[in-house]
Each structure stands twice: as structure tokens, then as C-alpha cells.
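A.B. asks: Take a look at this one; I'll ask things after.
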Amino acid sequence: MGSRSNEPPGADAAHRLQSLKTQMSGTFVERNLVRSFQGVYYVTSGLWPIFHMRSFEHVTGPKHDKWLVKTVGALIAAIGSTILISAGREHEDETARNLGISTAVALIGIDSIYAIRGTIPKVYLLDAAVEAAILAGLIRERPAPDSRAH
């Protein structure tokens, strides 16, 4: 029997199935995939120089101010953890999405400008490409249905 006396048997299960289908729609799944990837990417790349500066420098070149590299790494990891936590929430406001977009734009600019000028190694252009893919995914997503309610 359904949850209400006037509903046919199985209506409650059908309603739950429809709710699950809505959650699994492109918006919810895509948002989680893009934001989860961005969060993991930022946490990993942010913590890398903190825990193993030697391998980080091997890939990205020698660093003069290691404290500054570690500070930037900690900030990137903090941003990543915030984005990652928000990716697991079904209902959210647009703050985490905007943080992801603005951070990706900033890193694309820094990576591209300074790699092209020769200030930093060209390997940073690979990061710019990853950031551009993340940005495209974030821009393409539609806002969560209840994001306008706040």
C-alpha cells in the first residue's frame, strides 16, 4: 500500500525512484564530478610541495622562496577542501561554484602569463590546460535548483 490511502500500491517507491532520477540528472552528477575533481586536484597539488618539495621542484623547477610555495600550496589545498566538501552536498548555494570559477581563472592567468614570459617553466601550461577544462565544466553546469532561494 502507498503512503497515502488514495495512492496506488508502490506509489511511495515510485516517488522515491523519481526523486533519485532527479538527483542523478546531469546537473547533480556533473556538478559532483567537476567539483570533486577540482577539489581533489587542488588538495593534491596544494599539499604536494608541503610534503615533498624535492619532487615538486623536480617537476616544476627550483624554488627560491620555499616558504612562499608552501603558503600558496596550503591556500590551494584549503580552497580544494572547501570545494570538495561542497561537492558532496545535494543542496548548496553558488558560493563554492564561484570560488571554483574564480580560482581556476586566476590560476589560468598566472600559469599562462608567467610561463609564456619564461618566468616559470612551460610545464605550468599543463596546469593551465587542466584549469581550463575545470572552468569549462563549471561554467557549463546549471545552478542547483534551490540556489536562488538564498
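A.B. asks: 7 Å from Cα along Cα→Cβ at both Ser36 and Asn98: what's the point-to-point distance in nm?
C.D. replies: Spacing of the two 7 Å Cα→Cβ label points: 2.6 nm.
A.B. asks: Can you pull the one-decimal nm distance between simple spin-label points at Tyr114 and His58, each 7 Å off the Cα toward Cβ?
C.D. replies: Distance between the two pseudo-spin positions: 2.3 nm.
A.B. asks: Here's a follow-up. Tally Lys and Arg at +1 and Asp and Glu at -1 over the other residues with C-beta under 12 Å from the C-beta of Pro49: what net charge comes out? Present the calculation step by step, with values, prior to reporting the outcome.
C.D. replies: Numbers: positive: Arg54, Lys63, Lys66, Lys70; negative: Glu57, Asp65.
Result for the local shell: +2.
A.B. asks: Treat each spin label as a single point 7 Å out from the Cα along the C-beta direction, and report the Leu126 to Lys66 distance in nm.
C.D. replies: About 2.3 nm, to one decimal.
A.B. asks: Along region 53-65, what does the Karplus equation 6.51 cos²θ - 1.76 cosθ + 1.60 (θ = phi - 60°) give for ³J(HN,Hα), rounded to whole Hz, x for Gly and Pro?
C.D. replies: 4, 4, 6, 4, 5, 4, 7, 9, x, x, 10, 7, 9
A.B. asks: In what order do Arg89, Arg117 fall by count of nearby beta-carbon atoms within 10 Å, going from fewest to most? If you can, show how the numbers build up before the last one.
C.D. replies: Details: Arg89 13, Arg117 8.
Fewest-to-most Cβ neighbours within 10 Å comes out as Arg117, Arg89.
A.B. asks: Please state, as a whole number in µm²/s, the translational diffusion coefficient that the Stokes-Einstein equation yields for region 29-141 at 10 °C and 1.306 mPa s, with Rh defined as the Kirkwood radius across alpha carbon pairs.
C.D. replies: On the way: Rh = 14.4 Å.
Stokes-Einstein gives a translational diffusion coefficient of 110 µm²/s.
A.B. asks: How would Asp111, Asp12, Asp127, Asp65 line up from fewest to most surrounding beta-carbon atoms within 10 angstrom? Mind dumping the intermediate values first?
C.D. replies: Working: Asp111 22, Asp12 13, Asp127 19, Asp65 9.
Ordered from fewest to most neighbouring Cβ atoms within 10 Å, Asp111, Asp12, Asp127, Asp65 come out as Asp65, Asp12, Asp127, Asp111.
A.B. asks: Another one. Return the sequence-ordered ³J(HN,Hα) values of region 115-127 in whole Hz as given by the Karplus equation 6.51 cos²θ - 1.76 cosθ + 1.60 applied to θ = phi - 60°, using x for Gly and Pro.
C.D. replies: The phi angles translate into 6, 5, 6, x, 6, 10, x, 4, 4, 5, 5, 5, 4 Hz.
A.B. asks: Please arrange Trp48, Trp67 by how many other C-beta atoms lie within 10 Å of their C-beta, fewest to most. Each step should come with its number before you reach the end.
C.D. replies: Values: Trp48 18, Trp67 8.
Taking fewest neighbouring Cβ atoms as first place, the list is Trp67, Trp48.
A.B. asks: Could you give me the percent of Cα pairs per 10 Å distance bin for region 65-123, shortest bin first, beginning at zero and ending with the bin that holds the maximum distance?
C.D. replies: 20, 40, 28, 11, 1
Taken together, the values in this text are just the output of simple stated rules run on the coordinates, not laboratory data. Note that the structure is predicted; figures quoted are calculated from it, not measured. Please note: Cβ atoms are built from the backbone with ideal geometry, for glycine as well, and neighbour counts cover all protein chains shown.
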